[in-house]
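Data block below; observations after.
The values are calculated or read from the model by the stated rules, or taken from the named source; none is laboratory data. Keep in mind that what you see is a predicted model, and the values were worked out from it rather than measured. So basically every Cβ, Gly included, is an ideal-geometry build from the backbone, and we count neighbours across all protein chains shown. Surface accessibility is based on the protein's heavy atoms, side chains included, excluding ligands, DNA and RNA. Shrake-Rupley method; radii C 1.70, N 1.55, O 1.52, S 1.80 Å.
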Amino acid sequence: MNPETLAQALLAVLAPIAAERRPGEPLGLSASDIVFERPRNRDHGDWASNIAMRLAKPFGSNPRELAQQIADGLATVDGVASAEVAGPGFINIRLDAAAAGVLAKTIVDAGVDYGTSDSRADEIINLEFVSANPTGPIHLGGTRWAAVGDSLARMLSAQGAKVTREYYFNDHGSQIDRFARSLVAAHLGEPTPEDGYGGGYILDIAKRVELAYEGDLAALSPEALQETFRSRGVSLMFDEIKSSLHDFGVDFDVYFHEDDLHKSGAVTRAIARLQELGHMYEADGALWLRTTDFGDDKDRVVIKSDGQPAYISGDLAYYLDKRERGFNRCIIMLGADHHGYVERLMAMCAAFGDEPNVNLQILIGQMVNLVRDGKPMRMSKRAGTVVTLEDLVEIVGVDAARYALTRSSADSNLDIDLDVLQKRTNDNPVFYVQYAHARTHNVARNAADSGVDRSEFAPETLTHETEAALLGALQEFPRIVGFAAEIREPHRVARYLEELAGLYHRWYDNCRVIPQGDNPIESVHRTRLWLNDAAGQVFRNGLALLGVSAPERM
């Protein structure tokens, strides 16, 4: 029995109570309105509901009195072992072993689909993340967004949303000019410009441009030389970024070039739309967007007095372009240094007639620090000034890197202890979860060798307390995935998997799948194999949502 069937049973119990207390009035509830939670103390039962406290006032009843009436009705439902009233009117429900144990077969039969739903089928999402400037390797902040963003995309897709992963390719502006000047300086053997980029990668790319250029670089004017190194250097750097992300398990559906906004007339179209809506005005020779009407602290210049577009002009054009491409949810992941942008972007969203935090959502990520031997790592072998994606992967591997970056809330600072991530012990959270999955395969292999198969399923035999706890956690997986997608927090799946691993290991220590000694194979052994395999399936499904492998042997 799952929360859906339990909700239907509770509705059936409520119907005569409602008819008695409110004759002629509809109940006004559906199964989706009834919420069950897992009690923190499993001694209190499998599920808890506050439905009596919610209905006490409209039913004109004391909460505990109504709760007792509901509990009495639930106690007669097939699959419910007991229903008891606690506190001011909570109802604690305990399922009988057979009703709870059916879940094991349900999970195995569902396979990779367990934990998925179509609850977000109406959402067409543009998820923009990483979007690092192509002026150097991806630093740790971008690496964190790569892991979190890709995991979030997987979870949203698992809930039925149509998700497009998008990378905003900034190939326009002063940072690109600084990058090009740095490459030219490396080519000429000159010191790095004061505002330029350093690190061995600059010299590497400059040499690659030299080798690829078919003409005589020395014959080019300073302007032509700068443009040659800009266009070719940016292309080479971005190829490296895409390759690094691909090796990290992250690929994008769209690479959107900022330059295209300015060349295509998208900025002009966005301004025209806002003028039609009456939100633009002229002052001091400039064109302004009246963002203060929508909660911003000041109005924003869109076209400066010299006729050049201000930075926000690109934001306006890009957002409108996304909406015109059919996306009804635009999610943007930004670093901590962009926190001040949120109000103006939300004001922009409202100015276009959209709903902030619905049509446009902004996620802010915090800094990441690597710690080794108790001290922070500061320098990259290649980039020189920052630690990069490649540095992290070289030290701990893709799985550990992705898991470590995703298992904590993205809006909190994160210190990653490299010494812990390199251990093959339970102190290492990714090892702990992967080992639990590998153990499910080891149990299944040993069971096969001993003649234990899944030819029989007797859920009423799953009576041990560790089996009840494991089944309770497995039941929670779809809810956890749905909630993580809803509130944009992939770390909740990682933390769930760690809790599940602990419950699985305790079950493993207490319940045998293979008979001891010469004892015969019984129904309970075959049924426990179903439970073991169900746990393995949930580990695989959860790790896949994080972009982390599920090894069968460790």
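Tabulated results
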| read-out | value |
| --- | --- |
| Residue satisfying condition, being surrounded by fewer than 19 Cβ atoms within 10 Å (Cβ to Cβ) and modelled with pLDDT under 95, within set Gly384, Gly397, Gly451 | Gly384 |
| Residue that is surrounded by the fewest Cβ atoms within 10 Å (Cβ to Cβ) [pool: residues in the range 1-18 that are over 29 Å from Ile480 (Cβ atoms) and of a type in the set (A, V, I, L, M, F, W, C)] | Ala15 |
| Scan of the range 253-288 for residues that are in contact with a helix residue (DSSP H, G or I) (Cβ under 8 Å, 6 or more places away or on another chain) and open to solvent by less than 60 Å² (accessible area, probe 1.4 Å), ordered by number | Phe256, Glu258, Leu261, Ala266, Val267, Ala270, Ile271, Leu274, His279, Met280, Leu287 |
| Which numbered condition Arg445 fails, given (1) surrounded by 15 or more Cβ atoms within 10 Å (Cβ to Cβ); (2) closer than 22 Å to Asp109 by Cβ | (1) |
| Residues within the range 155-214 that are crowded, with 16+ Cβ neighbours inside 10 Å and in contact with a His (Cβ under 8 Å, 6 or more places away or on another chain), tallied | 5 |
| Residues of the range 293-321 satisfying the condition of being without any contact (Cβ under 8 Å) to a residue 24 or more places away in the chain and in contact with a helix residue (DSSP H, G or I) (Cβ under 9 Å, 6 or more places away or on another chain) | Lys298, Asp299, Val301 |
| First in the range 498-527 and of a type in the set (Gly, Ala, Ser), second anywhere and modelled with pLDDT under 95 and open to solvent by less than 70 Å² (accessible area, probe 1.4 Å), Cβ under 8 Å, 6 or more apart | none |
| Out of Val371, Val386, sole residue that is in contact (Cβ under 8 Å) with a residue 12 or more places away in the chain, closer than 30 Å to Asn428 by Cβ and in a loop (DSSP other than H, G, I, E, B) | Val386 |
| Positions within the range 315-352 being of a type in the set (Phe, Trp, Tyr) and not in a helix (DSSP H, G or I), in sequence order | Phe327, Phe352 |
| Neighbours by Cβ (under 6 Å, 6+ apart or cross-chain): first from the range 454-477, touching a residue at least 40 places away in the same chain (Cβ under 8 Å); second among the hydroxyl-bearing types (Ser, Thr, Tyr) and surrounded by fewer than 20 Cβ atoms within 10 Å (Cβ to Cβ) | Glu456/Ser523; Ala458/Ser523; Thr461/Ser523 |
| Filter result (touching a residue at least 12 places away in the same chain (Cβ under 8 Å) and either part of a helix (DSSP H, G or I) or under 20 Å from Glu227 (Cβ atoms) (or both)) within the range 183-203 | Leu183, Val184, Ala186, His187, Pro193, Asp195, Gly196, Tyr197, Gly200, Tyr201, Ile202, Leu203 |
| Test set (1) farther than 30 Å from Ala404 by Cβ; (2) free of Cβ contacts under 8 Å to residues at least 12 places away in the same chain - Ile487 fails condition number | (1) |
| Complete set of residues in the range 204-234 that are without any contact (Cβ under 8 Å) to a residue 40 or more places away in the chain, under 15 Å from Gly136 (Cα atoms) and among the small types (Gly, Ala, Ser) | Ala206, Ser231 |
| Odd one out for Leu545 among (1) aliphatic (A, V, I, L, M); (2) farther than 30 Å from His246 by Cβ; (3) open to solvent by 10 Å² or more (accessible area, probe 1.4 Å) | (2) |
| Residue satisfying all of: in the range 215-231; in a helix (DSSP H, G or I) and among the polar types (S, T, N, Q); least open to solvent (accessible area, probe 1.4 Å) among these | Thr228 |
| Counted residues, the range 414-472 - those being among the β-branched types (Val, Ile, Thr) and at positive phi | 0 |
| Only one of Phe238, Phe252, Phe256 that is assigned to a loop (DSSP other than H, G, I, E, B) and in contact with a strand residue (DSSP E or B) (Cβ under 9 Å, 6 or more places away or on another chain) | Phe252 |
| Criterion (at pLDDT below 95, crowded, with 18+ Cβ neighbours inside 10 Å and within 28 Å of Phe179 (Cβ to Cβ)) met by exactly one of Val234, Val250 | Val234 |
| Residue in the range 474-482 that is open to solvent by 20 Å² or more (accessible area, probe 1.4 Å) and in contact with a His (Cβ under 7 Å, 6 or more places away or on another chain) present | no |
